[in-house]
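First comes the structure, then the notes that go with it.
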Amino acid sequence: MHWPLQQQQQQLVEFRCLVLQVMAWRRPSRAHWQGGSLGCLALIRMIGWRTYRRPDEKSGGHGVGWSPIIPYSFKVPDGWEETPVSIADLGGTEIDLRFGNPKEGRLSVIVAPTRRFADDLDDATIEKIGTPEKVINAFGPEVIGENVEGKVLSTATAEYSGRTYYQFELEPPHIFITATAAGNRLYLFSVTANGLQWKRHYKDLKQIAESFRVV
């Protein structure tokens with residue numbers, strides 16, 4: 001396991017929280033919760049979360065003409081652990097990783113070769129592959145095992161460090177999907193849960209989905 005979140009980072013979170021608390025006490029407003037700011041509450045909620053980064057030495061996706069998989073990272077709360085991947089799962093051999101917590105939900109990472117979609121995408125971006133609508137209609141079925149028509153509740157686009165990410169929420173099933181591309185790979189990061197887990201842990205599940213980055 002690669003968990004870079006160390007004690008120094010937790011101390012930094014606590015320090016930022018303290019600063020926000022002081023600001024809240026000096027300038028109270030409706031945007032403050034009792035004892036500090038909403039920003040501080042968000043930082044507190046991240047204590048106990050861990051960052052997973054795909055190890056550089058991890059095998060997978062290496063074949064003739066293929067470059068190594070560019071590593072990715074995401075954040076999960078304590079209690080989420082890596083689970084075995086089976087080629088019988090949806091996504092088959094293109095599932096690179098699975099994580100889960102039996103009480104909260106599960107996630108998976110599909111890493112697919114862009115040459116499945118076009119021959120000239122060796123330096124791919126998600127925009128080159130298509131619009132958000134095109135991407136979810138084409139690749140959503142690989143994640144949920146059925147057509148996504150009428151299931152997409154929301155679509156968003158985010159940019160981090162110059163890379164674009166498409167973010168989707170679908171129902172049914174309850175699932176978040178984050179899509180991006182790098183090198184000659186398409187990355188599909190999905191976070192899902194049953195109805196009760198979705199209701200209880202919706203905010204955390206969404207935060208997991210939005211934390212996905214190709215590094």
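The values are calculated or read from the model by the stated rules, or taken from the named source; none is laboratory data. Source: prediction; values computed, not measured. Reconstructed Cβ throughout: ideal geometry from the backbone, glycine too, with neighbour counts over all protein chains shown. Just so you know, the surface numbers come from the protein's heavy atoms only, side chains and all, with ligands and any DNA or RNA stripped out. Shrake-Rupley method; radii C 1.70, N 1.55, O 1.52, S 1.80 Å.
Observations
- 5 angstrom amide H check on Leu97, placed H, neighbours 5+ away: Val109
- Radius 10 Å from Cβ of Val111, net charge of other residues (Lys, Arg +1; Asp, Glu -1): 0
- Here the accessible area is traced with a 1.4 Å probe on the protein chains. For the range 125-215, carbon and sulfur cover 48 percent of it.
- Under 5 Å from the amide H of Ala181 lie the amide H atoms of Ile126, Tyr187, each residue being 5 or more positions distant or on a separate chain, with H modelled from the backbone and absent for Pro and chain starts.
- Within the range 168-215: Cβ-based charge dipole about Cα centre, in debye rounded to nearest 20 (Lys, Arg +1; Asp, Glu -1): 100
- Accessible surface, per residue, of the range 154-205 when the full set of protein chains is kept, probe 1.4 Å, Å²: 41
- Just so you know, the Rg over Rh for the range 71-215 is 0.94, from Cα atoms, with Rh as the Kirkwood radius.
- The range 149-211: GluC sites (Glu not before Pro) falling in loop per DSSP and having at most 12 other Cβ within 10 Å: Glu149
- Under 5 Å, built H, 5+ apart or other chain: amide partners of Arg50: Val76, Asp78
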